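What follows is one structure encoded as structure tokens, with my remarks underneath.
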Amino acid sequence: MSGTAHGPVVQADSVGDVHFHASRGEPPIPYQLPPAPRLFTSRHRELAALDGWLATEEAPVVVVSGPGGVGKTSLASRWLHANRSRFPDGQLYVDLAAHPADGPATPEAVLEWFLVALGVPAAEVPPGLARRQAAFRSATADRAVALMLDNAVSAAQVRPLLPTSARSAVVVTSRWRLGGLAVDGARFVEVESFDESASLELLARAVGPRVASEPDAARELARLCAGLPIALSVIGARLSTRPQRSLSKEVGSLRAERLAALTLGEVSVEAVLDLSYSDLPPDHARVYRLCAVHPGAFFGVEAAAAAAGEPAPLVEPVLEHLVEKNLLTEVGDERFRFHDLLKLHARHHADRASPAERDAALRRVVEWYLDRLVDADLALRPTRHRVGPRYRDRRSPFRERQDALAWLERERSNLREACRAAAALDLDDVVWQFCEAMWGFFLHARHYDDWFAVHELGVPAAVRSGHRAAEAKLRAQLAYTYGVLRRFPEAEREGARALDIAEVDGDRQGVAVALTELGGVAQGTGDLERALDHLTRAREIRRHIGPPRAEALCTRRVGEVLAQLGRDDEALAELHAAAEAMGRFGDHTGRARCLMSAGAVEARRGEVAVAEARLSTALDLLRRAGSPHYEAEALVLSGEVAEARGDLPAARERYAEARRLFAHVGNPRAAAIGAELARLDP
């Protein structure tokens with residue numbers, strides 16, 4: 001009997017014996033996916049991307065990556081379950097087991113499991129990777145199958161498992177980014193932590209109405225879990241088994257022992273994070289630990305190198321490895337951050353490894369920021385007198401003022417936190433130097449909250465250090481700031497204390513600084529004769545001890561007081577002399593301020609065209625210098641001139657821009673300018 005037969009066959013020729021033959025039958029259809037997650041939440045962006053690739057591409061290969069516990073497997077499983085009908089020939093699943101005791105699963109072993117699942121008898125599975133790979137491609141050539149390759153550790157582990165059918169799809173999950181699969185046409189989905197809304201939705205699904213009844217506590221739980229789905233799931237599961245426990249009570253427990261509290265039965269967030277940490281080479285694990293002591297939310301390569309105490313060229317590839325393993329997130333060009341719980345995890349390991357090494361790393365980072373801050377301050381104000389020892393014989397690496405300002409703005413929060421970290425380490429001499437070095441940046445950007453935050457630490461630190469010149473300088477800086485905010489009693493107190501210290505110590509430099517700031521206080525309170533006396537005395541000292549720019553600054557202030565006294569000709573003479581001097585020194589901001597004051601006098605005298613020309617020049621200088629505070633002041637003056645000549649649309653436009661700039665730097669004058677705008681509204 002020849003040909004192909006299905007089902008039982010009877011041999012009926014010359015019947016001596018009867019033989020029954022059973023065919024192999026239809027091949028089985030495997031459905032190996034783990035159950036779809038019951039509390040799946042959000043991920044609309046990721047699901048839309050997966051749907052789009054499935055609809056437009058043949059045999060899509062997608063890598064779903066992210067840190068441990070972020071929900072990669074849940075996302076892949078949910079999507080494949082939702083698209084089961086697209087793969088009628090089955091769905092294959094394997095946990096590639098990146099972290100078992102005997103190492104990751106080999107492609108050779110996985111192909112044997114897949115071939116058996118697709119109906120190949122175990123005895124007929126060929127030996128060797130190449131032969132099994134060929135058999136797998138043949139078995140899947142005409143089938144529409146989906147593969148979920150969970151917990152992959154490398155592109156080399158995945159590549160032999162890719163089917164040949166154009167109707168198939170492969171979803172790979174990994175803590176690594178597996179960029180090598182890009183050459184195979186893979187698409188990439190990076191799974192991030194939940195935002196607050198998605199976190200609350202997941203908690204509500206697990207806990208029910210308690211989330212709505214305790215909204216503040218629920219939001220705090222979401223914050224403490226840092227949006228990490230596994231952490232939220234642990235909290236939700238624990239609360240669901242204890243219906244009488246309040247969310248507020250859970251918040252208290254989580255605050256007290258954050259990582260330790262994120263454990264339920266066999267599920268531990270810390271253990272999940274430990275899996276990735278345990279795979280790191282020793283030098284990479286050290287960088288991971290020590291970068292976590294960085295006091296701010298973001299850091300660059302050089303700051304990381306300071307923490308590690310290694311050259312930046314050696315640390316940069318380690319950071320790239322940590323990004324590839326999703327233990328760090330790259331947030332910009334050579335800018336990195338930790339997920340909140342990963343940072344806490346890394347800090348715990350730093351604490352356990354060596355507290356002394358941890359503290360030394362933090363000190364290196366703090367001092368690196370201080371040195372860099374000094375460099376930036378030198379670029380902004382190269383001639384200003386300083387008392388900090390780090391300024392001696394130092395050249396700034398910043399070629400342009402704008403580069404220094406850009407760095408200062410980018411690192412603003414890190415500088416503030418580095419100063420706080422120095423205070424926590426009792427580095428008093430470092431803390432007060434932060435305050436002195438931030439003066440130039442403050443004058444340009446006017447971040448008042450930062451300014452007061454560091455001076456609350458810096459002045460006591462200077463006192464404890466016994467550095468009286470530093471104390472006097474910081475108090476004079478505070479006097480200026482309080483005066484700008486019209487908090488004159490506090491300004492007078494700080495200025496008087498600075499003057500007293502300088503006079504007792506015979507510090508003529510300190511006396512000149514204190515007199516200048518006290519002159520500003522007297523000017524603000526309307527005591528113009530006293531202001532003129534203070535500023536004239538300060539200028540006389542400057543003529544003898546310098547620097548020349550400080551003398552020009554006093555000259556401008558003298559001119560402004562004379563203008564308030566109605567002595568316009570004298571005022572303009574002083575202001576023009578100051579503007580000329582600032583121009584010689586290359587101080588464009590200082591020159592612009594002189595022009596602004598002169599323009600205000602000329603506008604009051606009815607010389608509107610001259611005033612507008614001066615203010616236009618001042619605005620151009622300030623915009624090029626990147627001085628938003630002074631630019632806002634110039635816009636206010638320009639708006640007043642426009643209003644005086646009846647051009648209300650121009651006045652409104654300039655006031656509105658001034659208000660925006662003042663609000664941006666936290667200056668309370670924004671409200672007053674808003675009132676001016678309301679007055680001009682038709």
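The set of residues in the range 180-201 being surrounded by fewer than 16 Cβ atoms within 10 Å (Cβ to Cβ) and of a type in the set (Ser, Thr, Tyr) consists of 197 alone. Counting residues in the range 288-300 that are of a type in the set (Ser, Thr, Tyr), under 24 Å from residue 65 (Cα atoms) and at pLDDT 95 or above gives one or more. Contact annotation: residue pairs with Cβ atoms under 8 Å, 6 or more positions apart or on different chains, pairing a residue in the range 668-682 that is within 15 Å of residue 643 (Cα to Cα) with a partner that is of a type in the set (Asp, Glu), are 680/643.
In the same structural domain as residue 402 (by TED's automatic domain parsing) and either in contact (Cβ under 8 Å) with a residue 60 or more places away in the chain or within 16 Å of residue 412 (Cα to Cα) (or both): is that true of residue 323 in this structure? Against the criterion (in the same structural domain as residue 402 (by TED's automatic domain parsing) and either in contact (Cβ under 8 Å) with a residue 60 or more places away in the chain or within 16 Å of residue 412 (Cα to Cα) (or both)), residue 323 does not qualify.
Of all the criteria given as (1) in a helix (DSSP H, G or I); (2) at pLDDT 95 or above; (3) not polar (S, T, N, Q), the one not satisfied by residue 172 is (1).
Considering (1) surrounded by fewer than 24 Cβ atoms within 10 Å (Cβ to Cβ); (2) out of contact with any Pro (no Cβ under 9 Å at 6 or more places or on another chain); (3) assigned by TED's automatic domain parsing to the domain that holds residue 373, the lone condition that residue 463 does not fulfil carries the number (3). Criterion applied to 649, 628 was being touching a residue at least 60 places away in the same chain (Cβ under 8 Å) and either closer than 28 Å to residue 405 by Cβ or not assigned by TED's automatic domain parsing to the domain that holds residue 447 (or both), and the one residue passing it is 628. Kindly establish whether residue 135 is surrounded by 18 or more Cβ atoms within 10 Å (Cβ to Cβ) and part of a loop (DSSP other than H, G, I, E, B). Judged against the criteria, residue 135 is not a match.
Residues in the range 416-431 that are of a type outside the set (Val, Ile, Thr) and touching an Asp or Glu at 6+ places or on another chain (Cβ under 8 Å): 2 in all. Could you list, in sequence order, the residues of the range 406-419 that are surrounded by fewer than 19 Cβ atoms within 10 Å (Cβ to Cβ) and among the basic types (Lys, Arg)? Within the range 406-419, 410, 412 qualify.
Once the range 301-321 is narrowed to residues that are modelled with pLDDT of 95 or more, of a type in the set (Asp, Glu) and not in a loop (DSSP other than H, G, I, E, B), the residue that is farthest from residue 359 (Cα to Cα) is 316.
Exactly one residue among 229, 317 is on the phi < 0 side of the Ramachandran plot, over 18 Å from the mean Cα position of the chain (by Cα) and crowded, with 23+ Cβ neighbours inside 10 Å, and that residue is 229. Within the range 244-267, the residues that satisfy the criterion of being on the phi < 0 side of the Ramachandran plot and free of Cβ contacts under 8 Å to residues at least 24 places away in the same chain are 244, 245, 249, 252, 253, 256, 257, 260, 261, 266. Going residue by residue through the range 54-73, is there one that turns out to be part of a helix (DSSP H, G or I) and within 31 Å of the chain's Cα centre (by Cα)? Yes, the range 54-73 has at least one match. Checking each residue in the range 202-216 for being surrounded by fewer than 18 Cβ atoms within 10 Å (Cβ to Cβ) and hydrophobic (A, V, I, L, M, F, W, C) picks out 204, 212. Applying a threshold of 9 Å to beta carbon distances and a minimum spacing of six or more residues, or different chains, the list of pairs starting in the range 285-312 at a residue that is in the same structural domain as residue 417 (by TED's automatic domain parsing) and ending at one that is modelled with pLDDT of 95 or more and of a type in the set (D, E, K, R) is empty.
If only residues of the range 521-545 that are in contact (Cβ under 8 Å) with a residue 40 or more places away in the chain and surrounded by fewer than 24 Cβ atoms within 10 Å (Cβ to Cβ) are counted, the one that is nearest to residue 584 (Cα to Cα) is 523.
For residues that are touching an Asp or Glu at 6+ places or on another chain (Cβ under 8 Å) and of a type in the set (A, V, I, L, M), scanning just the range 377-403, find the one that is surrounded by the most Cβ atoms within 10 Å (Cβ to Cβ). The qualifying residue surrounded by the most Cβ atoms within 10 Å (Cβ to Cβ) is 379.
The values are calculated or read from the model by the stated rules, or taken from the named source; none is laboratory data. Please read these numbers as outputs of a predicted model, since none were measured by experiment. We place every Cβ from the backbone using ideal geometry, glycine too, and count neighbours over all the protein chains shown.
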